[in-house]
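One structure is given below, encoded as structure tokens.
The values are calculated or read from the model by the stated rules, or taken from the named source; none is laboratory data. Computed from a prediction, not measured in an experiment: that's the story for all the values here. A quick note on method: Cβ atoms are made from the backbone with ideal geometry, for glycine too, and the neighbour counts reach across all protein chains shown. What goes into the accessible areas is simple: the full protein's heavy atoms, side chains included, and nothing from ligands, DNA or RNA. Shrake-Rupley method; radii C 1.70, N 1.55, O 1.52, S 1.80 Å.
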Amino acid sequence: MTEKVQTRCVIAGGGPAGIMAGYLLARAGVPVIVLEKHADFFRDFRGDTIHPSTLELMYELGLLDEFLKQPHQEVRELRAVVNGQAVPIADFTKLPTHCKFIAFMPQWDFLNFLSTHARAFPSFQLLMQCEVVDLTFDQQRVTGVRAKTPRGDLEIRADLIIGADGRHSIIQACAGLQRQEFGVAIDVLWMRLSKKQGDPQQTLGFFQGGTLFVLLDRGDYWQCGFVIPKGGFDDIKARGLQQLQHDIISFAGFLRDRAAELDDWSKIKLLTVQINRLRDWWRDGLLCIGDSAHAMSPAGGVGINLAIQDAVATANLLAAKLRSGPVSMDDLRKVQARREWPTRLIQAMQVFIHRRVVTGQTSQHKDSLPLVVRLLKWFPVLRQLPARFIGIGPRREHFRSPSTV
Ligand SMILES: Cc1cc2nc3c(=O)[nH]c(=O)nc-3n(C[C@H](O)[C@H](O)[C@H](O)COP(=O)(O)OP(=O)(O)OC[C@H]3O[C@@H](n4cnc5c(N)ncnc54)[C@H](O)[C@@H]3O)c2cc1C
């Protein structure tokens, strides 16, 4: 037996894009159901960076004070260790936002916070353990989703289906939307190492001879990202765990007394880095946003924030119409037109960072600082540029969607 439900908007995926879009549409009085395939939001590791642009949106929603009561770390300046020299890279303290810092907060805490507040709206529903497996069509128009749940099959018909189901989106595949891939030369190994008193402050990472080791402060441990050449994990495995521990110590000597915690390959997770985006983010009855429309590299830690900006633009452009009925293809086209340019710009910057900074095409001299980094070191005012690009990003969104509260 398939349970059948009708609503105004159904969102596949309870990540940052899906939960924020659900929150805003429900706040505007649109009946919305968010479907998340997992039983909870715990995903280790999906990024923790809540940027000033997102914090500003929290302020605009009146949620900021409560949000900042959740456990988090505040980083006002990003520093990097480049070929052994500590250099400041980005200064967030001059940004024109209420919060002049990046908040590092586990993504599950962020999603729990937002979804708890969304549940306060009567038109919001979040169904966990509900995996979208297919779309339904009426000729060329997408009319709904089919999903599997522990209680049985579910079919939801809606005026708008939003694909917010991330980089392996089933929605984009079932909708037949074409994707452009951009070559990425790196993958990332993620792992944890314990944190100890006297450890240095958080940095952006350790750049050395064209390679990169990232350390993110997670309170009582370090989330470590080891950037490797694309497809190189098997070679690293063949060289053995001891060699990997040795490589890590060569980046960050203070980890010498705990690198041995990495005593099993199961403690090391491979992230296959992708950068891609859809040619069309929509078709009649359906819109993709967030990673489902454009998978981001972790470079700059901008993926969560870009996904949220997409959600805000979606609500700004569609909520009022959706309250009373379906939206047109022209309305959906406007969402892409609004968000495609910032996405292109950020992805182009990520490709540049991969090619020129991380994979070391510019670092022939292992002890020298690249020119860009030297300029940032000499002229503090320049550090506001990366802060602005990372912290706020191009074409920042503000809430303009209606509210029933
Ligand atoms: C290892 C790693 C580290 C990263 N680090 C950072 C960082 O530090 N800062 C940053 O800003 N970004 C980071 N990113 C990128 C960031 O995680 C993404 O850009 C961001 O999460 C995109 O949000 P989203 O809501 O579009 O998709 P996702 O966060 O991928 O959410 C998609 C959701 O859909 C659900 N889902 C998938 N398929 C289905 C289905 N069929 N049915 C129902 N639900 C489904 C998934 O379970 C998931 O909850 C990182 C990414 C990775 C992989």
Residues of type lysines that Lys196 reaches as a straight line, Cα spacing below 29 Å, ignoring anything fewer than 8 places off in the same chain = Lys69, Lys100, Lys237, Lys267, Lys269, Lys377
query = To the nearest 0.05, how large is the calculated FRET efficiency for Met1 and Val372 if R₀ is 60 Å and r is the Cβ-Cβ distance?
reply = 0.45
key: Cross-link reach list, aspartates and glutamates versus Lys230, counting only Cα pairs under 15 Å and skipping chain neighbours closer than eight places   = Glu181, Asp187
request  = Sum -39500 (n - 2.57) across every DSSP H segment of at least 4 residues in the chain, then divide by the residue count to get the 222 nm mean residue ellipticity, nearest 500.
outcome  = -9000 deg cm²/dmol
ask   = Extension gain Glu131-Ala260, at 0.36 nm per residue separation less the Cα-Cα distance, in nm?
value = 42.6 nm
request  = Report, to the nearest whole %, how much of the accessible area of the chain belongs to carbon and sulfur atoms, 1.4 Å probe, protein only.
outcome  = 52
task = Please work out the Cα center distance from the stretch 78-123 to the stretch 284-321, rounded to the nearest Å.
result = 18
The stretch 34-137: chymotrypsin sites (Phe, Trp or Tyr not before Pro) falling in loop per DSSP and having at most 13 other Cβ within 10 Å = Phe42
note = Measuring from the longest principal axis of the C-alpha atoms of the chain, the long axis of helix 107-118 (C-alpha) lies at a number of degrees, nearest 10, equal to 30
query = Per residue and in cubic angstrom, what volume does the convex hull of the Cα atoms of the stretch 41-191 have?
reply = 194
task = Please report, in debye to the nearest 20, how large the charge dipole of the stretch 1-96 is about its Cα centre when each Lys and Arg carries +1 at its beta carbon and each Asp and Glu carries -1 there.
result = 280
remark   = With Cα coordinates, the longest principal axis of the chain makes an angle with the long axis of helix 303-324, in degrees rounded to 10, of 10
inquiry  = For Lys4, give me every one of the lysines with a C-alpha distance below 16 angstrom, ignoring sequence neighbours fewer than eight places off in its own chain.
reply    = Lys148
ask   = Can you list the residues, at least 5 places off or on another chain, whose amide H is less than 5 Å from the amide H of Val214, using H built in the peptide plane?
value = Phe206, Gly225, Phe226, Val227
task = For the chain, report the accessible area per residue in Å² (1.4 Å probe, heavy atoms, rounded to an integer).
result = 43
message = Give me the mean projected area, in nm² to one decimal, of the convex hull enclosing the Cα positions of the chain.
response = 20.0
key: Relative contact order (%) - criterion: Cα under 8 Å, at least six apart; region: the chain   = 24
ask   = In degrees from 0 to 90, rounded to the nearest 10, what is the angle of the helix 329-352 Cα long axis to the longest principal axis of the chain?
value = 10
task = Averaging sequence separations of C-alpha pairs under 8 Å and six or more residues apart, then dividing by the length of the stretch 171-233, give the relative contact order as a whole percent.
result = 38
message = Kirkwood hydrodynamic radius, the stretch 223-334, all distinct C-alpha pairs: what's the number in Å?
response = 17.7
remark   = If R0 = 25 Å, then His38 and Ser324, at their Cβ-Cβ distance, give a FRET efficiency to the nearest 0.05 of 0.15
